[in-house]
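Q: I have a structure I would like to understand better, so I am pasting it below and will then ask my questions one at a time.
The values are calculated or read from the model by the stated rules, or taken from the named source; none is laboratory data. These numbers come from a predicted model, not from an experiment. In case anyone asks, the SASA skips ligands and DNA or RNA and just uses the protein heavy atoms, side chains included. Shrake-Rupley method; radii C 1.70, N 1.55, O 1.52, S 1.80 Å.
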Amino acid sequence: MHVDASAPISPFGRANLTRIAEFCKKQNIRLVLVTAPLPSAYVQDTQNYQAYVDAMRSFAAANGTQYWDFSLFKDTDLLSIGFDDFSDMHHLNGQGAETFSKAFATVAARSAAGEDVSSLFYDTVAEKLAISPDSTVQQGEGN
């Protein structure tokens, strides 16, 4: 639950992402990098998660692809998840995977149709947590 802000993507991870991106480019395969949704409480408690998001977005931009982090997804009606959708602290269960799959398919179809889907995601973790955290985040009194 800690991201090294100075190296949010490990050298091993970066090397493999680069290898995959290069392969896809050579094969004319559209690549989209995706993070499945994590509970808002997990994202909130992960130090420097924003550094990871920023690094993935930078990697995607440098490699002519996109990065979709569904932990930062805005549409809580389409992707309504909470405690009952995870098998543990950060893995979707069958119910959560089904809900996520529907949201992912919707975003992928809109993107394939030429829509810029970046507006479907919050830019920052802080924004997501302030505006629409899932039910895993304990709300303070008066909220």
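Q: In whole Hz, what ³J(HN,Hα) sequence does the stretch 74-79 give by Karplus (6.51, -1.76, 1.60; θ = phi - 60°), x for Gly and Pro?
A: 7, 7, 6, 7, 6, 10
Q: Which percent of Cα-Cα pairs in the chain sits in each 5 Å bin, short to long?
A: With a bin width of 5 Å, the distribution comes to 2, 9, 18, 21, 20, 17, 9, 3, 1, 0, 0.
Q: Here's something else I'd like to know. If you stretched the chain out fully between Asp88 and Val32, how much longer would it get, using 0.36 nm times the residue separation minus the C-alpha to C-alpha distance?
A: Computed gain between Asp88 and Val32 is 17.6 nm.
Q: Still on this model: Name the helices (complete DSSP H segments) of the chain with a Cα length along the long axis of 15 Å or more and a Kyte-Doolittle mean of at least 1.6, or state none. Walk me through the numbers on the way to the answer.
A: On the way: long enough: 11-26 (22 Å, -0.41); 49-62 (20 Å, 0.21); 94-112 (26 Å, 0.07).
Qualifying helices, which must be both long enough and hydrophobic enough, do not occur.
Q: Related question: Accessible area per residue of the chain at 1.4 Å probe, in Å²?
A: Averaged over the residues of the chain, the accessible area is 58 Å².
Q: Also, I was wondering about something else. Just the number, please: carbon plus sulfur as a percent of the accessible area of the chain, 1.4 Å probe, no ligands or DNA/RNA counted.
A: The value for the chain is 52 percent carbon and sulfur by accessible area.
Q: Could I ask something else about it? Any chance you could get the radius of gyration and Dmax over the Cα atoms of the stretch 1-59, in Å?
A: 13.2, 39
Q: Thinking of the stretch 58-97 as a set of Cα atoms, what percent of all their pairs are more than 17 Å apart?
A: Considering the stretch 58-97, 46 percent of its Cα-Cα pairs are separated by more than 17 Å.
Q: Express the relative contact order of the chain as a whole percentage, based on alpha carbon pairs under 8 Å and six or more residues apart in sequence. Present the calculation step by step, with values, prior to reporting the outcome.
A: On the way: 155 pairs, mean separation 41.1, N = 143.
With pairs under 8 Å counted, the relative contact order is 29 percent.
Q: Right, next: When a/c is below 1.5 the answer is rounded, else prolate if a/b is larger than b/c, else oblate, so apply that to the stretch 72-143 with a ≥ b ≥ c taken from the square roots of the Cα gyration tensor eigenvalues.
A: Here the stretch 72-143 falls in the oblate category.
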